[in-house]
1. Which of rounded, prolate, oblate describes the stretch 157-225, given a ≥ b ≥ c as roots of the alpha-carbon gyration tensor eigenvalues and a/c under 1.5 marking rounded, otherwise prolate only if a/b is larger than b/c?
2. Quick one: Cα centre-to-centre distance for the stretch 45-59 and the stretch 195-210, in angstrom?
3. Ignoring ligands, DNA and RNA, how do SER124, SER87 rank by accessible area with a 1.4 Å probe, largest first?
4. Can you work out the base-10 log of I(q)/I(0) for the stretch 99-172 at q = 0.20 1/Å, using the Debye formula on its C-alpha atoms alone?
5. Looking at the stretch 107-205, how many pairs of lysines come closer than 23 Å at the Cα, when each pair is eight or more places apart or spans two chains?
6. List the aspartates and glutamates whose Cα lies under 15 Å from the Cα of LYS83, skipping any in the same chain that are fewer than 8 positions away.
7. Rg(Cα) of the stretch 8-55 divided by 2.2 N^0.38 Å?
8. Please compute the Kirkwood hydrodynamic radius over the stretch 1-103, one decimal place, Å, based on all pairs of different Cα atoms.
Amino acid sequence: MTDYVIAPSILSANFAKLGEEVDNVLEAGADWVHFDVMDNHYVPNLTIGPMICQALRDHGITAPIDVHLMVEPVDRIIPDFAKAGASMITFHPEASRHVDRSLQLIKDEGCQAGLVFNPATPLSVLEWAIEKVDMILLMSVNPGFGGQSFIEHVKQKIVAARKIIDASGRDIRLEVDGGVKANNIGELAALGADTFVAGSAIFNAPNYAEVIKNMRTNIADATAN
Ligand code: DX5
Ligand code: ZN
């Protein structure tokens with residue numbers, strides 16, 4: 001049985017009380033913390049860095065922290081995030097000159113490594129990188145902002161990525177990020193995704209536990225049989 005993971009993106013949390021927000025969302029049933037790092041260079045927005053990751057660990061967060069790097073270059077910042085308590089680190093292959101080296105660096109630092117594919121980026125780099133990949137993250141919006149609409153063609157990409165993972169025989173998570181809501185999460189799970197990032201759908205809701213529960217019910221219904 002697949003274990004489905006819900007990873008709220010703290011991009012939509014209230015940053016003035018981030019520790020409390022993360023405590024609340026985990027208490028509400030979330031599995032991981034999705035941590036969006038933006039540099040106003042690779043993407044047109046600026047967010048949070050290793051200091052905030054460390055601050056969450058110091059606050060007592062023990063759940064996996066899923067660091068999504070939207071920065072260019074990537075290698076300089078990887079060891080800093082590993083030291084700050086990242087559990088997994090993903091990056092966009094376009095943002096690294098040497099994808100294999102960046103993946104190896106993440107693993108050498110003791111974290112799980114993943115590649116992130118923008119809506120228009122082909123999956124072809126996986127052909128010679130999959131041996132070092134623990135997670136494939138499919139962007140279903142263009143990276144940079146929360147609250148955008150799900151880009152429909154990414155559904156076919158989920159199917160394609162699932163085939164690649166199954167053919168590899170490796171234990172690789174398939175994560176989807178952008179426009180994921182309670183009303184489409186079931187379909188995404190049925191197509192083959194197992195890890196779901198949701199920012200605005202959770203943090204803009206009055207009751208985090210209720211949304212997460214709805215998400216899990218919809219996943220279970222869509223994947224039953
Ligand atoms: C966008 C980020 C996402 C974002 C998702 O670049 O990678 O993680 O927070 O936000 P929603 O779920 O609101 O689309
Ligand atoms: Zn993200």
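The values are calculated or read from the model by the stated rules, or taken from the named source; none is laboratory data. Everything quoted here is computed from the prediction, not taken from an experiment. Here Cβ is always computed from backbone atoms with ideal geometry, including for glycine, and neighbour counts include all displayed protein chains. Keep in mind that these areas ignore ligands, DNA and RNA; they rest on the heavy atoms of the full protein, side chains included. Shrake-Rupley method; radii C 1.70, N 1.55, O 1.52, S 1.80 Å.
1. On the way: a/c = 2.66, a/b = 1.87, b/c = 1.42.
Because a/c hits 1.5 or more and a/b exceeds b/c, the stretch 157-225 counts as prolate.
2. First find each Cα centre; the distance between them is then 20 Å.
3. Highest to lowest solvent-accessible surface, that is SER124, SER87.
4. Result of the Debye calculation: -0.89.
5. Details: LYS107/LYS132; LYS132/LYS157; LYS132/LYS163; LYS155/LYS163; LYS155/LYS181; LYS157/LYS181.
Summing the qualifying lysine pairs gives 6.
6. ASP58, ASP66, ASP75, ASP108, GLU109
7. Taking the Cα Rg and dividing by 2.2 N^0.38 Å, one obtains 1.19.
8. Numbers: mean 1/r = 0.0706 Å⁻¹.
Its Kirkwood hydrodynamic radius stands at 14.2 Å.
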